[in-house]
Structures are given as structure tokens and as C-alpha cells.
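Colleague: Below is one structure. I have some questions about it.
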Amino acid sequence: MAYKYNISYNFTRYVVKGKIILRPIIPVELKYKDNDPIIYTMLLDSGADLTLLSKDVGDSLGIDTDKKADDNVYGVTGHTPVIDEKVKIKFGMGSRNIFEKEIPVQITKIQGRPAIPALGRETIFREFDVHFRMGQPKDKQKFVLSKV
């Protein structure tokens, strides 16, 4: 039987037009093939189907982002050409409850877009029940990933 666990994070608070916005930001380690891993923060995006990285993140991982696009990704701002790849992702709480897996990602051909890399539903929402606890008192506002 697989070990079940929870990983909880505090929301990252942003002020937008004078209003506090809570964003589910996760620090992750990303690794491509045998290259050195990088540490990055990603938005846990329940509205994104797939994980999306910008060209500069792809470059930092050692991915050839100058090759021909494999597809286009479509969103609220239109469409962007992307490269399909797989990277290893690792996150958790300290040295325990670590999630590590190779996942499919799409890398945009545009520098800095998306501004915050998006960790999409595919893979993560299949591995975890995700709970956004935004309606709680301030000291209890967090998001929780429960291993299924």
C-alpha cells in the first residue's frame, strides 16, 4: 500500500490594485536529463491543463528552445508556440513527503512568458487531491496537496 501524506503551503500574498490576492506558489526543483537541477517557484494552476515553462526557464534547464515548435498552447491571451519535453520535478516538505516524478511540460518560444511558470492539472491533480483553503482565517489560509 502506498504511503499517503499531505503537503501544505502558505499562499503567497500579492497586492493588486490595493487588494490582497492569494496565489498558490510552490518552490520546486526541476531537472532535465543529466543537467544540473534548478530551483524555481511555480504557480499551482488549476486552470492550466499542462505544465508550462517560459523559454528562459527552458534555457536554464539546458533544453534546446531554438528548435522548431511542436505545437501551440492556447489561453486567455491568445496562442503561443511551444516545445514538448519531459522534466523531473521534485517538491515537498523539507526532507520528508517528497514528490518526485518525470512530467510532460510545454516550453514557450517566448522569453518571460508565462511570467510565473504554471504547474498544470495533468500529473499533479492525478497524484494529489488539491484543497485551496482561502476562506479560512488569515493564519489558516493555505493550500494542501493530499497524496491519493
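The values are calculated or read from the model by the stated rules, or taken from the named source; none is laboratory data. Treat the numbers as computed from the prediction; the structure is a model and nothing was measured. Cβ placement follows ideal geometry from the backbone for every residue including glycine, while neighbour counts extend to all protein chains displayed.
Colleague: State all residues of region 1-56 that are under 25 Å from GLY94 (Cα atoms), of a type in the set (A, V, I, L, M, F, W, C) and not in a strand (DSSP E or B); if no residue qualifies, say none.
Modeller: Of everything in region 1-56, those that are under 25 Å from GLY94 (Cα atoms), of a type in the set (A, V, I, L, M, F, W, C) and not in a strand (DSSP E or B) turn out to be MET1, ALA2, PHE11.
Colleague: Looking only at residues in region 107-127 that are touching a Gly at 6+ places or on another chain (Cβ under 9 Å) and surrounded by 20 or more Cβ atoms within 10 Å (Cβ to Cβ), which one is farthest from SER60 (Cα to Cα)?
Modeller: Taking the candidates together, the pick is GLY120.
Colleague: Based on what the data block shows, is ARG96 surrounded by fewer than 13 Cβ atoms within 10 Å (Cβ to Cβ) and either under 28 Å from MET134 (Cβ atoms) or out of contact with any Lys or Arg (no Cβ under 6 Å at 6 or more places or on another chain) (or both)? Can you show your working first?
Modeller: Numbers: surrounded by fewer than 13 Cβ atoms within 10 Å (Cβ to Cβ): yes; either under 28 Å from MET134 (Cβ atoms) or out of contact with any Lys or Arg (no Cβ under 6 Å at 6 or more places or on another chain) (or both): yes.
Answer is yes for this residue.
Colleague: Here is a follow-up. Mind checking whether some residue in region 82-99 is closer than 26 Å to ILE21 by Cα, assigned to a helix (DSSP H, G or I) and over 11 Å from the mean Cα position of the chain (by Cα)?
Modeller: Within region 82-99, none of the residues are closer than 26 Å to ILE21 by Cα, assigned to a helix (DSSP H, G or I) and over 11 Å from the mean Cα position of the chain (by Cα).
Colleague: Identify, from the list GLY75, GLY47, GLY135, the residue that is exposed (fewer than 14 other Cβ atoms within 10 Å of the Cβ), closer than 22 Å to ARG23 by Cβ and under 15 Å from the mean Cα position of the chain (by Cα). Walk me through how you get there before you give the answer.
Modeller: On the way: GLY75 fails: under 15 Å from the mean Cα position of the chain (by Cα); GLY135 fails: under 15 Å from the mean Cα position of the chain (by Cα).
That would be GLY47, the only listed residue that is exposed (fewer than 14 other Cβ atoms within 10 Å of the Cβ), closer than 22 Å to ARG23 by Cβ and under 15 Å from the mean Cα position of the chain (by Cα).
Colleague: Checking the structure you have, find out if any residue of region 27-37 is among the charged types (D, E, K, R), under 17 Å from the mean Cα position of the chain (by Cα) and at pLDDT 95 or above. Show your work before the answer.
Modeller: Of all residues in region 27-37, those among the charged types (D, E, K, R) come to 29, 31, 33-34, 36.
Filter again for under 17 Å from the mean Cα position of the chain (by Cα), leaving 29, 31.
The next check asks that each one be at pLDDT 95 or above; those that pass are 29, 31.
For region 27-37, residues among the charged types (D, E, K, R), under 17 Å from the mean Cα position of the chain (by Cα) and at pLDDT 95 or above: present.
Colleague: All but one of (1) in contact with a Pro (Cβ under 7 Å, 6 or more places away or on another chain); (2) under 16 Å from ARG121 (Cα atoms); (3) modelled with pLDDT under 95 hold for MET42; state the number of the condition that does not hold.
Modeller: Here MET42 meets the rest and fails (3).
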